[in-house]
Amino acid sequence: MKKIIVLAGSLSKTSINQQLAIYASTLVNNVEIKLLDLNDYEMPLYSPERENENGKPEEAYNFVNEIKNADGIIISLAEYNGSYTGAFKNTFDWASRVEGKTFQDKPMLLMATSPGARGGQNVLAAATNRFPIHAANIVAKFSLPSFGDNFEDGKITNEELNNDLSKQVQTFEKSL
């Protein structure tokens, strides 16, 4: 059975991006799902001096190993001030020091949501531009605008948006 990892780019215990990522993962058939929580990969802020003095944190190796051991990645990125959260960026920075090809060419469903009408479009654009440099194989993308209006009881309530996500999930599933 194929294994996918599911990750939200947020430390929030009530992350709307985690809710979206989990929902998307339930639409993928015949896979083992492993939910990753950024809180489990807390590391000092990256700097070359810290790396030189203390080496790379064990959590960075653990994060990269989760990617290596997966067949695919579903990630939904929270958008803070138009980009990744500091927590995600720091995890990504350390992971890229362990493995430059951080995403290992694994098929990726890249998503974002936000309370606003743009649905995390800025962070999606940033990730779409940056992640392939680190061997991300982005096979599908999805943005959910106005989370509070379009998501309830663990699922997307807007039929058009839900159909769009389903198509993206099917593309992702075929690539596994």
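Can you find a residue in region 40-56 that is among the hydrophobic types (A, V, I, L, M, F, W, C), buried (at least 17 other Cβ atoms within 10 Å of the Cβ), within 30 Å of residue 146 (Cβ to Cβ) and in contact with a helix residue (DSSP H, G or I) (Cβ under 9 Å, 6 or more places away or on another chain)? Even if it seems obvious, please write down each step before you answer.
Taking region 40-56 first, the residues among the hydrophobic types (A, V, I, L, M, F, W, C) are 43, 45.
After this cut, where a residue has to be buried (at least 17 other Cβ atoms within 10 Å of the Cβ) as well, the list is 43.
From what's left, within 30 Å of residue 146 (Cβ to Cβ): none.
No: region 40-56 contains no residue that is among the hydrophobic types (A, V, I, L, M, F, W, C), buried (at least 17 other Cβ atoms within 10 Å of the Cβ), within 30 Å of residue 146 (Cβ to Cβ) and in contact with a helix residue (DSSP H, G or I) (Cβ under 9 Å, 6 or more places away or on another chain).
Of everything listed in (1) of a type in the set (Ser, Thr, Tyr); (2) over 12 Å from the mean Cα position of the chain (by Cα); (3) part of a helix (DSSP H, G or I), the single unmet condition for residue 46 is (3).
In region 106-129, the condition of being surrounded by fewer than 19 Cβ atoms within 10 Å (Cβ to Cβ), in contact with a Lys or Arg (Cβ under 7 Å, 6 or more places away or on another chain) and closer than 22 Å to residue 41 by Cβ is met by no residue. Being in contact (Cβ under 8 Å) with a residue 12 or more places away in the chain, among the aliphatic types (A, V, I, L, M), surrounded by 22 or more Cβ atoms within 10 Å (Cβ to Cβ) and part of a loop (DSSP other than H, G, I, E, B) is a property that residue 70 has.
Collect the residues in region 130-148 that are buried (at least 18 other Cβ atoms within 10 Å of the Cβ) and farther than 15 Å from residue 79 by Cα, keeping them in residue-number order. Reasoning before the result, please.
First, the residues of region 130-148 that are buried (at least 18 other Cβ atoms within 10 Å of the Cβ): 131, 136, 138-140, 142-145, 147.
Correct list: 131, 136, 138, 139, 140.
Every condition in (1) over 26 Å from residue 143 (Cβ atoms); (2) at pLDDT below 95 is met by residue 61 except one, and the failing one is (2). Checking 163, 122, 129, 158 one by one, the residue that is touching a residue at least 24 places away in the same chain (Cβ under 8 Å) and farther than 16 Å from residue 15 by Cα is 122 and no other.
Restricting the search to helices (runs of 4 or more DSSP H) fully inside region 92-176 and requiring at least 3 residues that are more than 29 Å from residue 51 (Cα to Cα) and charged (D, E, K, R) gives 159-175.
The values are calculated or read from the model by the stated rules, or taken from the named source; none is laboratory data. Note that the structure is a prediction, hence the values are computed from the model and not measured. Don't worry about glycine lacking a Cβ; one is built from the backbone with ideal geometry, like all the others, and counts go over all protein chains shown.
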